[in-house]
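Peer 1: Here it is, the structure, as structure tokens.
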Amino acid sequence: MTPSNPRSDADFTVVGRPQGKVDGPAKAQGRARYTDDLVFPGMLHGKILRSPHPHARIVSIDTSGAEALEGVHAVVTGRDMPITYGVIPWTPDEYPLALDRVRYIGDGVAAVAAVDEDTANEALRLIQVEYEELPHYLDPHEALEATGEPDRPFIHAPRKEGWNGNVTKIVKLDFGDVDTGMADADVVIEDDYFFEGTTHAPIEPHCAIGLVETDGGPEGPGRVTVYSATQVPHYLHRELARVLELDPARVRVVQPPVGGAFGGKSEPFDLEFCVALLAMRTGRPVKILYTREEVFYSHRGRHPFHMRYKVGARSDGTLTAVEADTVLDGGAYASFGLVTTYYSGQLLTAPYHMPAYRFRSRRAYTNKPACGPKRGHGSVQPRFAFEVQLDRIAHALGLDPMELRRRNFMGKNTRTVNELRVTSNGFLECLDAVEAASDWRSRFRRLPFGRGLGVAGSCYISGTNYPVYPNEMPQSAIQLQLDRSGRVAIFSGASEIGQGTDSMVAYLAAEELGVPLEYVRVQSGDTDFTPVDLGAYSSRVTFMLGNACLDAARKLKAKVKEAVAAEWECRPSQVKLAGGQALFGPDTSRRMPIRQAFVLAEEMHGTLGSVGWYNTPKDIHGDYRGGTIGASPAYSFTAHVAEVEVDVDTGQVHVEKIWVAHDCGRALNPVLVEGQMEGSAYMGFGEALMEEQVFKGPDHGRSGLHDAPSLLDYRIPTSLDTPLLESHIVESIDPEGPYGAKEAGEGPLHPAIPAIANAIFDAVGVRMTRLPFSAPAVWRAIQKARDEGTLEKPAAPRVARAQAARARGARAEAGRAQSARAERGGGS
């Protein structure tokens, strides 16, 4: 299909205006039914037995006691599902239930289905598992040094002879002459950074229900349906069929409303395979709902990153070279780790021009819950390190960090150093917006000691250019149907996880077909009845599903206009559809209700339906191994300014306000865009100051045990903790986005963390290079600076000092002139 051609603001009646969400009333009134709200006749309840050890061989499993317990209907183990799975087809290293080895505390070992949860829990206690404990790794550097010997075993078998079985992926890429760039630099800043792992903490735990519906066929169990709080119904459908060895046409996945995900539900999980198999074994529906502790152990959240960054720049602030070396702590399984390893370097190369760039990234397996994608997948951690590096360069050169970023702006309609195509780019407008809103020029480096401002910028993808599994089919598709009543029905395979996907397609269809928004119905998330969309990840939905929706709507729009034109004996181009009416463009007093227009079209063309689809362009990346990973049809851009107050006696950091400017292309609904911007900034703020997904170490009796697997102990900001958030939408109007739109759900998170770090430096002159910036960590850094005699407000930039001197000179000159006038009797 051909991407959208943007229209002017004056042409829109729905798009670009504040609108409600189409699913808002049902959620507000309690009518929305989430997965755990669903109850089926005869439904059983399942539970999963989990490993108490971080690394061990399974010697034996005796399930006879559980099977004999009254009320237990089935017990399954890894032997019942001996096929590995993984969302990335090149790294399927996980069994639905552990087969011969457990690799972290919480790894699933067996599952039961019983008449109620109490009986299921009792059955788990009756399962006897004999383990042979193995040495385990909690530190990725130690894991990388493993030899495979009995005292230092690999967590996974090496995929090739001579490989380290504790390595998921190693990426080494060079662009340009980095060594020469460093040699030519007037200043080189090099340091280590650490980003602690964090988790998603959605309100709704993972939940799945499996049921079997007999269809009278000669073979197989009938149709297996899984209801799941997933972000990726299509990928789940594929893996259920493959692992359970079912005909894909006999598998159905239904996604009810999802109560938050943030990346944590973007791949298959053990409970989904278990409910399907238990339902097949019992012939009854089976539900499994994770406890909150299980949500923490299932994880797939932000990787801990150990990063070393080296950045060179000339005296005018322009970059000469960037070099990064990163070790990713991946946890026990691959998850999206292959992609994360690439993202850790590939997504750093905008919005700034880099003449030369080199990165090495290594993802290690450790005996902890697997890490995966969390909002801003793979690029939040390096963005923290790099944006702090830029701030340090600006300080070393006596430059305003805003000005340094402007001087390195890459522009639009260009390519990055690693050959990613960039079209629209509103980053400068983002900088301008936060600079003006925060009164940066008069306040940066001028606030009292203990108070500071910091700035940071970023870039993020609007969808991945290629699907998770290689194919040439569309990445997203829509079916539309027009009814004689004037109603529009949309069948969408996309995942509504609270971000407004269903609303977005309703806005586009209403705009394009001229119907009132309340005339549009959206059916989504059912693999039996909706076309394939690959899921809610990588900020892909607005760009890809939106273009698919416009494709379908425009096909029907052409038919409606043709039919009305025939009735009015005019050209189709003279017919307009807007506000529930078909109008004659030259004289809009001539009109008819939209339902009448639809009737005319059905009389001319028959039943009115269409399909629309979107696939990405293929010429937007470099021709090298890994060049496709990080490629996107469009990129969003963001800038933040954070204002903080630091208590030097306690180390407490109070973030007073964050100004957020985000280039989202066209804001299809500014209310939803602002909500995404503020939600992203909130999440970044929480990761900066509070969040830690950490585990007890070897000196503890339960090494590898999660330190805080509850929402009571895992710290996330409440409304009382959250700073003021001020959003500024920048609309660059992308030439290929739907009406010019790009992503807004993940990009706005990235700058929050480095902006806060840079603000802490402005406040007290202390650089924070490790996350989180908790009170104890900041206090220790302050004490170190005090001991070294460096605890002071940083000097103002050279340009700012010159401006201030000129201002002082002007005031002095004005004062002398006033005095002279007074002496002459001229007064003031």
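Peer 1: Mind counting the residues in region 742-794 that are closer than 22 Å to Met683 by Cβ and not in a helix (DSSP H, G or I)?
Peer 2: Final tally of qualifying residues: 14.
Peer 1: Hey, another quick one. Would it be correct to say that Gln499 is in a loop (DSSP other than H, G, I, E, B), open to solvent by 30 Å² or more (accessible area, probe 1.4 Å), at negative phi and touching a helix residue (DSSP H, G or I) at 6+ places or on another chain (Cβ under 8 Å)?
Peer 2: When the stated conditions are applied, Gln499 passes them.
Peer 1: Also, I was wondering about something else. Do you know which of the residues in region 91-146 that are out of contact with any Leu (no Cβ under 9 Å at 6 or more places or on another chain) and among the polar types (S, T, N, Q) is surrounded by the most Cβ atoms within 10 Å (Cβ to Cβ)?
Peer 2: Asn121
Peer 1: Kindly establish whether Glu678 is touching a Ser or Thr at 6+ places or on another chain (Cβ under 7 Å), surrounded by fewer than 20 Cβ atoms within 10 Å (Cβ to Cβ) and touching a residue at least 24 places away in the same chain (Cβ under 8 Å).
Peer 2: The answer is yes for Glu678.
Peer 1: Yes or no: region 235-256 includes at least one residue that is under 18 Å from the mean Cα position of the chain (by Cα), closer than 26 Å to Pro470 by Cα and not assigned by TED's automatic domain parsing to the domain that holds Tyr537.
Peer 2: Yes, region 235-256 contains a residue that is under 18 Å from the mean Cα position of the chain (by Cα), closer than 26 Å to Pro470 by Cα and not assigned by TED's automatic domain parsing to the domain that holds Tyr537.
Peer 1: Mind listing whichever residues of region 372-397 are touching a strand residue (DSSP E or B) at 6+ places or on another chain (Cβ under 7 Å) and open to solvent by 10 Å² or more (accessible area, probe 1.4 Å)?
Peer 2: Arg392, Ala396, Leu397
Peer 1: Pick from region 264-286 the residues that are of a type outside the set (Val, Ile, Thr) and open to solvent by 10 Å² or more (accessible area, probe 1.4 Å): which of them is nearest to Glu387 (Cα to Cα)?
Peer 2: Step by step, filter region 264-286, then rank; the result is Asp270.
Conditions tested, residue by residue: (1) touching a Lys or Arg at 6+ places or on another chain (Cβ under 8 Å); (2) within 21 Å of Pro202 (Cα to Cα); (3) free of Cβ contacts under 8 Å to residues at least 40 places away in the same chain.
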{"position": "Gly665", "(1), (2), (3)": "yes, no, no"}
{"position": "Met683", "(1), (2), (3)": "yes, yes, no"}
{"position": "Gln693", "(1), (2), (3)": "yes, yes, no"}
{"position": "Asp699", "(1), (2), (3)": "no, no, yes"}
{"position": "His728", "(1), (2), (3)": "no, no, no"}
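Peer 1: Given (1) at pLDDT below 95; (2) not assigned by TED's automatic domain parsing to the domain that holds Pro285, where does Pro89 come up short, assuming only one miss?
Peer 2: Of the numbered conditions (1) at pLDDT below 95; (2) not assigned by TED's automatic domain parsing to the domain that holds Pro285, the odd one out for Pro89 is (2).
Here is a yes/no grid of residues against (1) more than 21 Å from Pro738 (Cβ to Cβ); (2) among the aromatic types (Phe, Trp, Tyr); (3) within 21 Å of the chain's Cα centre (by Cα):
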| site | (1), (2), (3) |
| --- | --- |
| Phe427 | yes, yes, yes |
| Asp439 | yes, no, no |
| Arg443 | yes, no, no |
| Phe449 | yes, yes, no |
| Val455 | yes, no, no |
| Ile461 | no, no, yes |
| Asn465 | no, no, yes |
| Asn471 | yes, no, no |
| Ser476 | no, no, yes |
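Peer 1: Being under 30 Å from Thr416 (Cβ atoms) and hydrophobic (A, V, I, L, M, F, W, C) is the filter here; which residues of region 580-631 pass it?
Peer 2: Of everything in region 580-631, those that are under 30 Å from Thr416 (Cβ atoms) and hydrophobic (A, V, I, L, M, F, W, C) turn out to be Trp613, Ile620, Ile629, Ala631.
Peer 1: With the checklist (1) modelled with pLDDT of 95 or more; (2) in a loop (DSSP other than H, G, I, E, B); (3) crowded, with 19+ Cβ neighbours inside 10 Å in hand, flag the one item Arg446 doesn't pass.
Peer 2: Result: Arg446 fails condition (3) only.
Peer 1: Return yes or no: is Met544 among the aliphatic types (A, V, I, L, M), open to solvent by less than 20 Å² (accessible area, probe 1.4 Å) and not in a helix (DSSP H, G or I)?
Peer 2: No.
Peer 1: Only one of Leu453, Leu447, Leu428 is in the same structural domain as Leu749 (by TED's automatic domain parsing) and free of Cβ contacts under 8 Å to residues at least 60 places away in the same chain; which?
Peer 2: It is Leu428.
Peer 1: Right, something else. Test each condition in (1) closer than 23 Å to Tyr297 by Cβ; (2) part of a strand (DSSP E or B) for Thr225 and report the one that comes out false.
Peer 2: For Thr225, the exception is condition (1).
Peer 1: Within region 553-595, which residues are crowded, with 20+ Cβ neighbours inside 10 Å and part of a helix (DSSP H, G or I)?
Peer 2: Within region 553-595, Ala553, Leu556, Lys557, Lys559, Val560, Lys561, Ala563, Val564, Ile594 qualify.
Peer 1: With respect to Ala201, is the statement that it is open to solvent by less than 30 Å² (accessible area, probe 1.4 Å), free of Cβ contacts under 8 Å to residues at least 24 places away in the same chain and of a type outside the set (Val, Ile, Thr) true? Working first, answer last.
Peer 2: Details: open to solvent by less than 30 Å² (accessible area, probe 1.4 Å): yes; free of Cβ contacts under 8 Å to residues at least 24 places away in the same chain: no; of a type outside the set (Val, Ile, Thr): yes.
When the stated conditions are applied, Ala201 does not pass them.
Peer 1: Take region 643-655 and flag every residue that is touching a helix residue (DSSP H, G or I) at 6+ places or on another chain (Cβ under 8 Å), part of a strand (DSSP E or B) and over 15 Å from Arg767 (Cα atoms).
Peer 2: Glu643, Val655
Peer 1: Further, regarding this structure: In region 221-234, which residues are open to solvent by less than 10 Å² (accessible area, probe 1.4 Å), in contact (Cβ under 8 Å) with a residue 40 or more places away in the chain and of a type outside the set (A, V, I, L, M)?
Peer 2: Ser228, Thr230, Gln231, Pro233
The values are calculated or read from the model by the stated rules, or taken from the named source; none is laboratory data. Every value quoted in this text rests on a predicted model; they were computed, and no experiment measured them. All Cβ positions, glycine included, derive from the backbone under ideal geometry; neighbour counts span all protein chains shown. SASA here: full protein model, heavy atoms, side chains in, ligands and nucleic acids out. Shrake-Rupley method; radii C 1.70, N 1.55, O 1.52, S 1.80 Å.
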